[in-house]
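Okay, structure first, notes after.
The values are calculated or read from the model by the stated rules, or taken from the named source; none is laboratory data. Computed from a predicted structure; not experimentally measured. Neighbour counts run over all protein chains shown; Cβ positions are idealised from the backbone, glycine included. Calculation scope for accessible area: heavy atoms of the full protein, side chains included, ligands and nucleic acids excluded. Shrake-Rupley method; radii C 1.70, N 1.55, O 1.52, S 1.80 Å.
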Amino acid sequence: MLSIAHQQLSRIMRPDDANIVGNVHGGTILKMIEEAGGIISTRHCNTQSGDRCVAALARVERTDFLHPMLIGEVAHVSAELTYTSRHSVEVQVNVMAENILTGSKKVTNKATLWYVPFSLQNVDKIIEVPQIEYASPEQEEEGKKRYEAQKMERLETKERNGEAIIPVISPEEYTVGFSQSSLIHLVGPSDCTLHGFVHGGVTMKLMDEVAGIVAARHCKTNIVTASVDAINFHRKIKKGCVVTVSGRMTFTSNKSMEIEVFVDADPLVETAKGKYRAVSAFFTYISLDKDGKPLPVPTLKLETQEEKKRFEEGKVRYLQTKAKRQAEQERQQ
C-alpha cells in the first residue's frame, strides 16, 4: 500500500499575514506549504540507518490559488508522500481555510513539491531515499512520469537564468520599467535550515512580496496571487548571503498579469564564489475592486524587442494554462 506518512499543520491567520484589505499573502501560504513538505520529507528520509539528513526544496510545481484566505481564518495544511526516486521525494500538499465562527471550510491550494535530502555531516552529499510502497504498479509508473517531466523542465529553465533586470530612469506609466521592483535581504539564522541554507518557503515568500509590489504598481488597486508557475531552486543560498529579489511584468491579459521573478545570491564572506542566480519563477496576479471582484488590468506598454518577445512567450503560457483549465473543467462535468 501507499506510504501512510502524513503531516498536518494548522495556524490562524493574523493581520501581519495579510495585505491592507485582509487577503492573506500568497507568500505566507507558500511558506506554510513548504514547511509541511519539508517536515514530512525530512522525517521520511531519516527512517533508515546511516547519515542524518535534511530534505531541501528543489522544485514546486505550478500552484493555483483557488480561493482567497482571510484574516481570522485557520489554515490547515496537509502533506503526503506520493513518489520517491533514488535521490528525491515528491510531496503533495493541500491547504484548507476554516472559518471558525461559521464552521465553513474551503480548499484554497493544491501543490506538488520535490525535495532532495542532504547529509548533515557533508552538505554536498545527497542521501539515498527510502522507497515507499504503492497501491499498484500503475501508481508508481505515473509517479515516475511526473519525476521525469520535472527533471526535463528544470534543465530547460537553467537556460534563461543569465538574464538581468536593469533599472530604468524616469519610466513611463504602464511600461515594464515603471513597475519593476527589487528588494534586498540579508540571510540570517531564522531563515535557515539545520544546514545553514535558506528554507525554500522563505525564498518563495520574498518572491511573492516582490511580485505583489510589481502588480500593485502597475494596477494601483488591491491585488492577489492567482497562481505560481513551477519554481526551480537551482542553487542553495547560504546563511550570511545578501539576496536580491527582482521582478518585472512580462504579460497582461484583460484580467491577469504575469510577473517574472529572479533571486540572486551574493556571498559576503566567500566573495570568490561571486554572485549567482539561485531561483526563478513566474507569478500570476489579478486586480480586485473593493468587493473582491476582478477588475480589468491596464495593458502593458512594450518598448523594446526583448519586452515584445517576453510578452509573446507569456501569452503562450497564458493560453496553455487557460486550455488546461478548460479541459479539467470538462473532465469534471
Exercise. In percent, how large is the relative contact order of the stretch 1-154, given Cα pairs closer than 8 Å and 6 or more residues apart?
Worked result: 28
For this session: Calculate the spin-label point distance for K105 paired with K151, positioning each point 7 Å from the Cα along the beta-carbon direction, and give it in nanometres.
Result: 3.7
Exercise. Round to a whole number: what % of the accessible area of the chain belongs to carbon and sulfur, probe 1.4 Å?
Worked result: 54
Seminar exercise, completed: For the chain, the per residue accessible area (1.4 Å probe, Å²) is 51
Exercise. Where a Cα-Cα gap under 17 Å defines reach, which lysines qualify for K324, not counting those fewer than 8 residues away within the same chain?
Worked result: K110, K315
For this session: Take the alpha-carbon centre of the stretch 170-207, take the same for the stretch 252-297, and report the distance between them in whole Å.
Result: 9
Exercise. Can you list the lysines whose alpha carbon is less than 21 Å from that of K106, not counting same-chain residues fewer than 8 positions off?
Worked result: K31, K293
For this session: State, as an integer percentage, the relative contact order of the stretch 200-310 based on alpha-carbon contacts under 8 Å between residues 6 or more apart.
Result: 30
Exercise. Of the residues E270, E307, E90, which exhibits the maximal mean-square fluctuation in a Gaussian network model of the chain defined by a 10 Å Cα contact cut-off?
Worked result: E270
Exercise. What FRET efficiency do you get for N19 and Q92 if R0 is 25 Å and r is their Cβ-Cβ distance, rounded to the nearest 0.05?
Worked result: 0.35
Problem set entry | Residue-averaged [θ]222 nm for the chain, counting only DSSP H segments that reach four residues, each worth -39500 (n - 2.57) | -9500 deg cm²/dmol
For this session: Assuming R0 = 41 Å, can you tell me the calculated FRET efficiency for the pair K301 and Y276, based on Cβ-Cβ distance, to the nearest 0.05?
Result: 0.80
Seminar exercise, completed: Between C192 and residues 5 or more places away or on another chain, the pairs with built amide H atoms under 5 Å apart involve H199
Problem set entry | Residue-wise HN-Hα coupling along the stretch 62-78, computed from phi with Karplus coefficients 6.51, -1.76, 1.60 (Hz; x: Gly, Pro) | 3, 10, 9, 9, 6, 9, x, 10, 10, 4, x, 7, 9, 8, 10, 10, 10
Seminar exercise, completed: Any trypsin sites (Lys or Arg not before Pro) in the stretch 77-169 that lie in a DSSP loop and have at most 11 other Cβ atoms within 10 Å would be R86
Seminar exercise, completed: Other residues with Cβ under 14 Å from the Cβ of F251 give, with Lys and Arg +1 and Asp and Glu -1, a net charge of +2
For this session: Averaging sequence separations of C-alpha pairs under 8 Å and six or more residues apart, then dividing by the length of the chain, give the relative contact order as a whole percent.
Result: 16
Seminar exercise, completed: Here FRET efficiency (C-beta to C-beta, L120 to K324, R₀ 51 Å, nearest 0.05) is 0.80
For this session: Please identify every one of the GluC sites (Glu not before Pro) in the stretch 138-210 that sits in a loop by DSSP and has no more than 15 other beta carbons within 10 Å of its own beta carbon.
Result: E159, E163, E172, E173
